[in-house]
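The structure appears right after this line, and notes come after that.
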């Protein structure tokens, strides 16, 4: 169960990490969704759960840890939870395409 509502979005972000062998990687990833505490990226390469990553956006960065990595439609969907001290806000980083949903429960 997610702690925060996710916002569908699209943007191209740079991501950095070191694999288990210590090899440094720098790739571009497609941003799929974002919330206050994490985000989901689509990437050609898998990243193991538990791996620490740096996500670079135009005016700063987020540090996070990979929570899951699933292969889907020729790419890997990578769920990342931000490390303590990092939170997303639209004032700080506004993705190129952002669709915010507000669900309203209607009683019959």
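So if each residue of separation counts as 0.36 nm, and I subtract the Cα-Cα distance between residue 56 and residue 37, what length gain in nm does that give? Spell out each step's value before the answer.
Details: separation 19, 0.36 × 19 = 6.84 nm, distance 1.56 nm.
Taking residue 56 through residue 37 to full extension adds about 5.3 nm, to one decimal.
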May I have the pair-distance distribution P(r) for the chain, computed from all Cα-Cα distances with 5 Å bins from 0 and rounded to whole percent?
2, 12, 23, 26, 18, 9, 4, 2, 1, 1, 0, 0
Take residue 24 and residue 96, extend 7 Å from each Cα along the Cα→Cβ direction, and tell me the distance between the two endpoints in nm.
2.6 nm
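FYI, it's all coordinate maths here, none of it is from the lab. This one's a predicted model, so the numbers in the text were calculated from it and none came from an experiment. Note that each Cβ is placed from the backbone with ideal geometry, even for glycine, and that neighbours are counted across all protein chains shown.
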